[in-house]
Structures are given as structure tokens and as C-alpha cells.
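> Here's a structure for you.
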Amino acid sequence: MDAVRWGIVGYGWVARDYMAPGIREAGHRLVAVCDPGAGARAAAEAEGARAYAGLAALIADAEVEAVYVATPNHLHREAVQALAAAGKAVLCEKPMAARLDDAEAMAEAVQTHGIVYSTAFDQRHHPAHRVIRDQIRAGRLGTVTAIRIVYACWLHRDWAAQAGQENWRIDPARAGGGALIDLAPHGLDLVDFLLDESIMDIAALTQARAQDYSVDDGALLIGRTGSGVLASLNVAYNCPDALPRRRLEVVGTKGQLVAENTMGQVAGGRLTFTDGTTGAPEDVAFDRTASPFTEQVRAFGSALRRPAERDAYSASRDLHTMRLIARAYAGA
Ligand SMILES: NC(=O)C1=CN([C@@H]2O[C@H](COP(=O)(O)OP(=O)(O)OC[C@H]3O[C@@H](n4cnc5c(N)ncnc54)[C@H](OP(=O)(O)O)[C@@H]3O)[C@@H](O)[C@H]2O)C=CC1
Ligand SMILES: O=C1CO[C@H](CO)[C@@H](O)[C@@H]1O
């Protein structure tokens with residue numbers, strides 16, 4: 001496959017630390033970046049990319065075919081609408097947008113212009129999560145009854161200060177909320193990926209418990225899929241990093257799979273199967289070297305080149321996930 005030529009809108013933390021290496025490791029090329037910050041543009045040039053201060057210049061760069069949008073959440077909409085109108089393929093960071101109406105407008109733009117679009121749900125591409133999905137499909141767990149997810153971190157007020165940035169995550173207007181909107185989309189989409197069906201019913205409680213800002217620093221969500229699988233998600237900004245804070249459990253009538261330290265941006269973690277009859281635990285093999293970001297780049301690039309693979313992406317499914325987030329907040 002010839003290398004996909006990527007552009008990036010918003011060359012901050014996730015773009016620099018995870019996406020740019022992912023593009024390189026996948027054998028693709030980062031050809032252009034746009035970011036208002038001179039430091040970010042210098043970092044992009046050091047990576048061998050052309051650097052622009054504004055989106056129009058990136059759009060006008062004919063070499064760019066796919067664009068990763070990694071701006072703060074409230075800016076996803078304007079970038080995706082402009083990129084869609086220009087016919088660029090788009091991989092846009094989660095949450096789809098800070099507000100539901102923005103996400104609705106984005107989904108409409110994707111449909112109107114017929115572009116390849118995906119929200120960047122990298123957890124779909126973690127090798128351990130792919131193995132879990134395969135084992136569910138092969139019937140190893142029997143009838144799946146429940147999925148339990150913990151995804152947490154410690155996000156204090158000055159979290160971004162060492163990078164010389166202001167912490168937009170604690171501003172409701174720019175983030176759209178707190179820990180719930182930032183972290184729960186990963187789990188909600190992962191449930192969809194693992195089971196091939198969406199959560200339909202949802203309820204949530206939020207807290208502002210340990211941090212000194214107004215957005216929620218923790219949330220508990222419960223959901224039920226169309227076929228009746230129950231899901232629980234505990235997401236938080238108030239969990240010290242040294243504590244266990246990334247866990248995924250899938251429970252069925254024949255056994256249980258537990259993934260530890262797989263939720264996140266990096267490769268590795270551990271996967272254990274426990275047999276429902278004997279209680280015997282067993283390590284499950286998966287590729288511990290491939291990062292979910294690199295795999296995400298590979299999969300998206302492959303779908304660009306092979307239209308048959310595009311069914312894996314659905315802006316309307318991503319919009320459904322945004323609707324779940326909105327309903328979770330409304331109920332909380
Ligand atoms: N999948 C995952 O695991 C992760 C996903 N994310 C998601 O990625 C997105 C970015 O997060 P993160 O990297 O932490 O944020 P950062 O603040 O580190 O980076 C955002 C970048 O966008 C730049 N920017 C601001 N306005 C514009 C604009 N109009 N056009 C282009 N660039 C702009 C910022 O510049 P300046 O600072 O000068 O304003 C900054 O360099 C969020 O949506 C977040 O939810 C984030 C982390 C992990
Ligand atoms: O998606 C994300 C996953 O991890 C980060 C922190 O650990 C989040 O803040 C981020 O937005």
C-alpha cells in the first residue's frame with residue numbers, strides 16, 4: 001500500500017506524542033500541520049512536515065489526503081466541516097465535539113460531502129481489545145452479560161502548564177464537560193466495538209469531589225445494549241496515577257476476560273481469561289508491541305485505499321455515542 005499523506009490540525013500533546021509516531025510507525029507520511037502556536041509549528045517542521053498557522057493553508061495543500069483533527073473539543077466542528085467541504089478524509093479526536101449540536105452538524109457535513117470520516121476511537125485498535133472481540137465472537141465467554149470499565153487519571157488544574165498551555169479540559173465551554181465527556185466516549189465506543197451493538201439505555205451520576213474546578217472530576221455510567229448486555233463505566237480525573245486505573249472486564253456465562261492497563265494510548269498491558277467452570281485463570285496472548293495509535297493509522301489508511309473496509313467507520317454510530325454522552329449529562 002502506498003503511504004497515506006497525512007495532515008494534522010492541532011499539533012499539541014496527543015498529536016505530537018502519539019499520532020505523529022503512529023504515522024511514522026505505520027509507514028505513512030506526515031506532510032503538513034496547522035496550529036496557531038509557533039512552538040507547535042517548529043515541532044512539526046522538525047518532524048519534516050510543512051507547518052501552517054491556519055486551516056485554509058492546510059486545506060489548500062494538495063498533497064494532504066487525510067487529516068487528523070486534534071484541537072480542543074470545541075474546535076472540532078469548524079475543522080471537520082471545512083475539511084469535509086474540501087473532500088479530505090478525516091480522523092477526528094474524541095469526543096466528536098464539545099456539544100451535541102456541533103456533532104450533529106459534523107455528521108451532516110460528512111454525509112453531504114461523502115468523505116471517509118471516523119472519530120479517533122483508538123481503543124478499537126488495541127491488540128488486546130481485538131482479541132477480546134474475536135473471543136466473544138468465537139463464543140469463548142458464552143452469552144456476554146456485562147462489561148465493566150475503569151478509565152481514570154489525575155487531572156489537576158495546572159495539568160497542561162508544563163507544556164506552557166492553559167488547561168482547556170476544565171473549561172466547560174471548550175471541553176463540553178469534565179471527566180465524563182473526556183474519558184467515557186472511549187468506553188462507550190469500546191462496548192460497541194466488542195459486542196457489535198450499541199448501548200441504547202444510559203444513566204449516570206457525576207461528582208466534583210477532589211479537584212478545585214467546576215467540571216465533573218468523576219462519573220459513573222451504567223448502560224444496556226439493545227440485546228441486554230449491561231455496561232458500567234467509572235471514569236475519573238481524581239484517581240492518583242500510581243493506583244490501578246485502567247481495567248476492562250467482560251463477563252459471560254462461560255468465563256471472563258480481564259484486560260489490565262490496555263485502556264490508553266500505549267502498547268502493552270495484560271489479558272487474562274478465567275474459565276467459568278474451573279475458575280482457572282490463563283494469560284491470553286496478544287501483540288504487546290503495537291500501539292493503538294499506530295494500529296488506528298494503519299486501519300484508517302487501509303480503508304482509504306480499500307473502499308470495502310470503510311464499513312468499519314460510521315459517523316452516525318459516532319453521533320449516537322455523542323447522544324449517549326449528552327443523555328448521561330442530562331440525567332446526572
Ligand atoms: N485518544 C486519546 O487518547 C486522546 C485524545 N485527546 C483528544 O485530542 C484533542 C486534543 O487534545 P490535546 O492534544 O490534549 O490538547 P492540546 O491542548 O495539547 O493540543 C491542542 C492543540 O491545538 C492547537 N489549536 C488551538 N486552536 C487551533 C486551531 N484553530 N487550529 C489548529 N490548532 C489549534 C493548540 O494550540 P494552542 O495551545 O496554541 O491553543 C494545541 O497545540 C482533544 O479533543 C482530546 O479530547 C487528547 C489526549 C488523548
Ligand atoms: O482521551 C484521553 C485519554 O487520556 C487522557 C488522560 O489520561 C485524557 O485526558 C484524554 O483526553
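> Within region 232-252, track down each residue that is within 18 Å of the chain's Cα centre (by Cα) and under 14 Å from ASP192 (Cα atoms).
SER232, LEU233, LEU248
> Additional query: When region 253-306 is examined, which residues are found to be in a loop (DSSP other than H, G, I, E, B), over 22 Å from the mean Cα position of the chain (by Cα) and farther than 30 Å from VAL116 by Cα?
THR253, LYS254, GLY276, THR277, THR278, GLY279, ALA280, VAL284, ALA285 - these are the residues of region 253-306 that are in a loop (DSSP other than H, G, I, E, B), over 22 Å from the mean Cα position of the chain (by Cα) and farther than 30 Å from VAL116 by Cα.
> Go through the residues of region 134-147 one by one and say whether even a single one is of a type in the set (Val, Ile, Thr), within 16 Å of ligand 1 (Cβ to nearest atom), within 23 Å of ALA326 (Cβ to Cβ) and buried (at least 17 other Cβ atoms within 10 Å of the Cβ).
To start, the set of residues in region 134-147 that are of a type in the set (Val, Ile, Thr) comprises 136, 143-145, 147.
Subset that is within 16 Å of ligand 1 (Cβ to nearest atom): none.
Taking every residue of region 134-147 in turn, none turns out to be of a type in the set (Val, Ile, Thr), within 16 Å of ligand 1 (Cβ to nearest atom), within 23 Å of ALA326 (Cβ to Cβ) and buried (at least 17 other Cβ atoms within 10 Å of the Cβ).
> Conditions: (1) in contact (Cβ under 8 Å) with a residue 12 or more places away in the chain; (2) surrounded by fewer than 15 Cβ atoms within 10 Å (Cβ to Cβ). GLY228 meets all but one. Number of the miss?
Every listed condition holds for GLY228 apart from (1).
> Please give the number of the condition GLY37 fails out of (1) touching a Phe, Trp or Tyr at 6+ places or on another chain (Cβ under 8 Å); (2) without any contact (Cβ under 8 Å) to a residue 40 or more places away in the chain; (3) farther than 21 Å from GLU166 by Cβ.
Condition (3) is where GLY37 drops out.
> Then there is this: Name every residue in region 252-279 that is among the hydrophobic types (A, V, I, L, M, F, W, C) and either at pLDDT below 95 or open to solvent by less than 30 Å² (accessible area, probe 1.4 Å) (or both), in order of residue number.
LEU257, VAL258, ALA259, MET263, LEU271, PHE273
> Any residue at all in region 162-170 that's of a type outside the set (Lys, Arg), within 15 Å of ligand 2 (Cβ to nearest atom) and closer than 27 Å to VAL131 by Cα?
Restricting attention to region 162-170, the residues satisfying the condition of being of a type outside the set (Lys, Arg) are 162-168, 170.
Now narrow it down to the ones that are within 15 Å of ligand 2 (Cβ to nearest atom): 162-163, 165-168, 170.
If we keep only those that are closer than 27 Å to VAL131 by Cα as well, we get none.
Checking region 162-170: not a single residue is of a type outside the set (Lys, Arg), within 15 Å of ligand 2 (Cβ to nearest atom) and closer than 27 Å to VAL131 by Cα.
> Additional query: Name the residue that is nearest to ligand 1 (Cβ to nearest atom), counting only residues in region 181-220 that are closer than 16 Å to PRO95 by Cα and not in a helix (DSSP H, G or I).
That would be VAL215.
> Take residues that are open to solvent by less than 50 Å² (accessible area, probe 1.4 Å) and within 21 Å of PHE293 (Cα to Cα) and tell me which of the strands (runs of 3 or more DSSP E) falling wholly in region 6-113 contain 1 or more.
In region 6-113, 29-34, 66-69, 89-92 are the strands (runs of 3 or more DSSP E) which contain 1 or more residues that are open to solvent by less than 50 Å² (accessible area, probe 1.4 Å) and within 21 Å of PHE293 (Cα to Cα).
> Among the listed residues ALA219, ALA290, ALA203, identify the single one that is surrounded by 15 or more Cβ atoms within 10 Å (Cβ to Cβ) and more than 16 Å from ligand 2 (Cβ to nearest atom).
Result of the check over ALA219, ALA290, ALA203: ALA290.
The values are calculated or read from the model by the stated rules, or taken from the named source; none is laboratory data. Fair warning: this is a prediction, and the values are worked out from it, not measured in the lab. Reconstructed Cβ throughout: ideal geometry from the backbone, glycine too, with neighbour counts over all protein chains shown. All accessible areas refer to the heavy atoms of the entire protein, side chains included, with ligands and DNA or RNA removed. Shrake-Rupley method; radii C 1.70, N 1.55, O 1.52, S 1.80 Å.
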